[in-house]
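Since the structure comes first, as structure tokens, the remarks are kept for the end.
The values are calculated or read from the model by the stated rules, or taken from the named source; none is laboratory data. Keep in mind the model is a prediction, meaning the values are calculated, not measured. Cβ placement follows ideal geometry from the backbone for every residue including glycine, while neighbour counts extend to all protein chains displayed. With ligands, DNA and RNA removed, areas are computed over all heavy atoms of the protein, side chains included. Shrake-Rupley method; radii C 1.70, N 1.55, O 1.52, S 1.80 Å.
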Amino acid sequence: MGKTPFPQETDASYAKWYAENKKVKKWLLTSISPDIMKRYIRLYTTREIWNALEKTFYDGSDESQLFSLNQRVFSTKQTGHPLSTYYGDLVENFQELDHHDRIIMKDPDDVITYRKFVERLRVHIFLNGLDVEFEQVRGEILRKDPILDLEEAYAYIRRDSVHRTTLHNEVDRIETSAMVARQAKPKTARPTGPNSDQN
């Protein structure tokens, strides 16, 4: 962190500091691309690497990162992926947005109102990104009063998805059984001979 000077090699704490510095330096360098890594690999301390990266890549505000996050959230769609994958991706992006949230409120009522607004917006984003097969159940959720929160909306959609899959599998099983039964049914031999058309 650079808050305390690193110890001299003769200091008793040097070995521990050296091992920790090496460990964190490795984490930091392996988290960046090789073409960037080679510019900083010869710096001695983790703090030196961090300071150099910060000067090079920090643009002075979180605005561009926040814009990128919002862009990712609003463009995330299910597009045929499993419901759990789509929901997981959205939640991950929402958590990143929460990390960058700099809004400070002192009034508890304002905090509650703001959180409800954010929650409603996220439910709308989640519902908007669902595949067309969930259009009916999406309408059911939007008609609920009070509106469901994000986790409740996901659970509601998931139950509908499981029910739909179970129903589909049951229909397939019945149709397959009927097809097998038709194929297994012996054909009745038609009578032959001069009197075959007589009653």
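Being closer than 30 Å to residue 63 by Cα, within 21 Å of the chain's Cα centre (by Cα), modelled with pLDDT under 95 and surrounded by 16 or more Cβ atoms within 10 Å (Cβ to Cβ) is the requirement here; does residue 98 meet it?
Answer is no for this residue.
Within region 32-59, which residues are over 18 Å from residue 5 (Cβ atoms) and in a loop (DSSP other than H, G, I, E, B)?
Residues satisfying the conditions are 32, 33, 41, 42, 58, 59.
For region 30-71, how many residues are surrounded by 14 or more Cβ atoms within 10 Å (Cβ to Cβ), at pLDDT 85 or above and either touching a Ser or Thr at 6+ places or on another chain (Cβ under 6 Å) or closer than 29 Å to residue 91 by Cβ (or both)?
Within region 30-71, residues that are surrounded by 14 or more Cβ atoms within 10 Å (Cβ to Cβ), at pLDDT 85 or above and either touching a Ser or Thr at 6+ places or on another chain (Cβ under 6 Å) or closer than 29 Å to residue 91 by Cβ (or both) number 1.
If you check residue 92 against the conditions, is it surrounded by 11 or more Cβ atoms within 10 Å (Cβ to Cβ) and among the acidic types (Asp, Glu)?
Criteria met by residue 92.
Give the residues of region 96-119 that are closer than 20 Å to residue 72 by Cβ and in a helix (DSSP H, G or I), sorted by residue number.
96, 97, 98, 99, 100, 118, 119
Just to be sure I understand, how many residues within region 63-80 are in a helix (DSSP H, G or I) and touching a residue at least 12 places away in the same chain (Cβ under 8 Å)?
Final tally of qualifying residues: 7.
For region 131-155, what are the residues that are part of a loop (DSSP other than H, G, I, E, B) and closer than 21 Å to residue 96 by Cα?
At the first step, the residues of region 131-155 found to be part of a loop (DSSP other than H, G, I, E, B) are 131, 143-149.
149, the sole residue that qualifies.
Would you confirm whether any residue within region 12-31 is outside any helix (DSSP H, G or I) and closer than 30 Å to residue 130 by Cα?
For region 12-31, residues outside any helix (DSSP H, G or I) and closer than 30 Å to residue 130 by Cα: absent.
Between residues in region 139-165 that are among the aliphatic types (A, V, I, L, M) and residues that are open to solvent by 90 Å² or more (accessible area, probe 1.4 Å), which pairs lie under 8 Å by C-beta distance while being six or more apart or on different chains?
Pairs that qualify, where the first residue is among the aliphatic types (A, V, I, L, M) and the partner is open to solvent by 90 Å² or more (accessible area, probe 1.4 Å), are 147/120.
Please list, ordered by first then second residue, the pairs with beta carbon atoms under 7 Å, 6 or more apart or interchain, first in region 31-48 and within 18 Å of residue 20 (Cβ to Cβ), second open to solvent by 60 Å² or more (accessible area, probe 1.4 Å).
If the second residue must be open to solvent by 60 Å² or more (accessible area, probe 1.4 Å), the pairs left are 45/6; 47/1.
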